[in-house]
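Below: one structure, written as structure tokens.
Values quoted throughout were computed directly from the atomic coordinates according to the rules given, and no laboratory measurement underlies them. This structure is a prediction, so every number in the text was calculated from the model and none was measured.
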Amino acid sequence: MATACSVPACIKPGTLLSALDNNCYLIRATATGTDASTSADYIQPFNLQSFGSEVDEIAELKQRLGWKRAALEGKLYDHIGSDTWYYFAYGPELSATESTAMPENEVASRCIGRTIHGDIAVIRSGPVGPTNYAETFTKAELAKTAEFYKTVMPDTVFVEREQSRAMRKFGFPGMTVPGIHKN
């Protein structure tokens, strides 16, 4: 594979960073570049060596990011209507005092549906049982999902997708989610 191109406008086939798969991304509280016009400007690849074990993932995040404690910040579904997996967001577990000292993460807050401070780490996950989703994904996929949450309520999307998944357990087809279009 060719070396990844870090220039957003790069046109070398197979080298655009937003098209490379990773198992984890950080959604930063502040943009990584000088232009903070899109959600993608806040998203950075962050592969986890310990992917697949929640305990090990938390330990690695704490060690690599300097977090004292890490916790689940929330779960969010993608922009295309999937209900068999979701994005699982870890963040630093902060006291009220620590929280106010960190910048609000506007992209993460919009996606999760409550105020988030500091950076978060996002992986793909799903309910307990066999997995039928790719563990790696692209920055572009996560950015499209973050943009999707500009137009929908996170709690509504979460409830609709959970209901759809639950209906299949009882032999019914997954529900058609209003307003969700396959892209």
TODO: Report, as a whole number in µm² per second, the diffusion coefficient that Stokes-Einstein gives for the stretch 107-148 at 25 °C and 0.890 mPa s using the Kirkwood radius over alpha carbon pairs.
DONE: 203
Task: 10 Å binning of all Cα-Cα separations within the stretch 36-85, expressed as whole percents from 0 upward - done: 19, 40, 36, 5
Open item on the list: Quick query: amide H of Asp78 versus all other amide H atoms, modeled in the peptide plane; which residues come in under 5 Å with a sequence gap of 5 or more or a different chain?
Closed with: Tyr87
Task: Prolate/oblate/rounded call for the stretch 20-116, Cα gyration tensor, a/c under 1.5 rounded - done: rounded
Open item on the list: Kirkwood hydrodynamic radius, the stretch 52-183, all distinct C-alpha pairs: what's the number in Å?
Closed with: 15.8
